[in-house]
Amino acid sequence: MGVYQVSQDKSVKRERRTPRRNGKGVNKNLSKNPKTTEMPAQTPVTTELVENPNVANDDFGQDFGGEKTLIGRRIIDFMKVAKPFAIFSAILTIITLIAIFAKGLNLGLDFTGGVSANVVYEQPVEQAQVQSALQSHQINDGAVQYLGSNKEILLRLPPQEKIDGLSATLDKALDLPNNNATIKNLDVVGSQVGNEIYLSAFGATAVALICMFLYVAVRFQSKLAFGAVLALFHDSIITVGLFALFGWPFDLTVLAAVLSLIGYSINDTIVVFDRIRENFRRVRGISPTQIINLSLTETLRRTFMTISTVLLVVLAMLFLGGESLRWFSVALFIGLILGTFSSIYIAATIPLWMGMSRKDFIVEVKPEFVEEEVVFEDRNAPIYDAEVLELNPNNLNKS
């Protein structure tokens, strides 16, 4: 403990060693005892971590994602529940794969081929009335659903043998007593064309996944690329599998939603990967798990802002977009939730389990590029023989 003497001479300037307490330049502790006041011993500030970032410290590691409680902490321990979520994702993926191969997709007209017609009635109509009118004219296996209101319907029929005169036949069959029908749009797709579209669509999805893998592998690291592609596969398979599990119609609009969520998910994943690479190079002395937690915490606000704004648009399309955008919005809604989840617990967790470390992001200098240490000989100094330790006249400097 040191003793601080307060000078009575106002002309002598003294160095302030304590902070101002009342905001007016008067220290309350000094005012109580103007003669002598003991000051608490100051703890020296350790600058070893600042000067040498390679030195690990327990307190430093705790500040960047230690295994303490989350209350009042800046770093969220995402990896603490990584295994339970990984098991949940694996079970959900297996269930959806079984649904796809066992039950199959309820493919729409775009893939199976057939006839699609938008019909508008003058008065509200029941779906059962329309199907009965079609069956009375020998038109079977027709699917009828509303489009926005009970006056407008969407009629889907399997591929027809006779295409000529189909519009007039449907116009006559759809007319009800005191309720005339008007066909606004009539689309006919052949079964062969639908099969080609089906194969081309899923081929495009596979090519997109391969390109994503190559981009992340070149731009970042192969372990991160494997995690990113596995996350995209997880998002697309579960989304498509839920459509197969519940029997929802799967057409080109739903496939467009799946491709859109692949692009959204890889965008969110790239942001997380960029922060992970930056923190592996910037922060030292902590474990890779703490690096992942730190990176995910730093990007959490951006992820929340992005997902919230996109979900507002998707929900608006789901409830206000009508029947034509219904399943497109449903696929996007499911994919957005899965994409945010997979960016944290699949794309960032799988590389960690594969042994990702700081060495994966640091470029090591090759041996042939290491500079050799060159020692210049002082020609003015006497040189002694190594064996006899005597002055060797042959090595003396010649003037």
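The values are calculated or read from the model by the stated rules, or taken from the named source; none is laboratory data. Predicted model only: the values in this text are computed from it and were never measured. Cβ coordinates were reconstructed from backbone atoms using ideal geometry, including for glycine residues, and neighbour counts include every protein chain displayed. These accessible areas exclude ligands, DNA and RNA; they are computed on the full protein's heavy atoms, side chains included. Shrake-Rupley method; radii C 1.70, N 1.55, O 1.52, S 1.80 Å.
Listed values, structure above:
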{"quantity": "Meets criteria (open to solvent by less than 80 Å² (accessible area, probe 1.4 Å), of a type in the set (Phe, Trp, Tyr) and either closer than 21 Å to Val272 by Cβ or part of a loop (DSSP other than H, G, I, E, B) (or both)) for Phe85", "calculated": "yes"}
{"quantity": "Matching residues in the stretch 110-148 - criterion: being without any contact (Cβ under 8 Å) to a residue 12 or more places away in the chain and among the hydroxyl-bearing types (Ser, Thr, Tyr)", "calculated": "Ser132"}
{"quantity": "Residues located in the stretch 110-133, provided they are in contact with a Lys or Arg (Cβ under 9 Å, 6 or more places away or on another chain) and either over 15 Å from Ile183 (Cα atoms) or among the hydrophobic types (A, V, I, L, M, F, W, C) (or both)", "calculated": "Gly114, Val115, Ala117, Val119, Val120, Pro124, Val125"}
{"quantity": "When residues of the stretch 202-227 are limited to those that are buried (at least 19 other Cβ atoms within 10 Å of the Cβ) and not aromatic (Phe, Trp, Tyr), the one nearest to Gly355 (Cα to Cα)", "calculated": "Lys223"}
{"quantity": "Answer residue from the stretch 268-297, given it is out of contact with any helix residue (DSSP H, G or I) (no Cβ under 7 Å at 6 or more places or on another chain) and not in a helix (DSSP H, G or I) and is modelled with the highest pLDDT among those", "calculated": "Ser287"}
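Here's the yes/no breakdown for (1) surrounded by fewer than 17 Cβ atoms within 10 Å (Cβ to Cβ); (2) assigned to a helix (DSSP H, G or I):
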{"residue": "Leu92", "(1), (2)": "yes, yes"}
{"residue": "Leu97", "(1), (2)": "yes, yes"}
{"residue": "Phe101", "(1), (2)": "yes, yes"}
{"residue": "Ser116", "(1), (2)": "no, no"}
{"residue": "Val119", "(1), (2)": "no, no"}
{"residue": "Pro124", "(1), (2)": "yes, no"}
{"residue": "Val130", "(1), (2)": "no, yes"}
{"residue": "Leu134", "(1), (2)": "no, yes"}
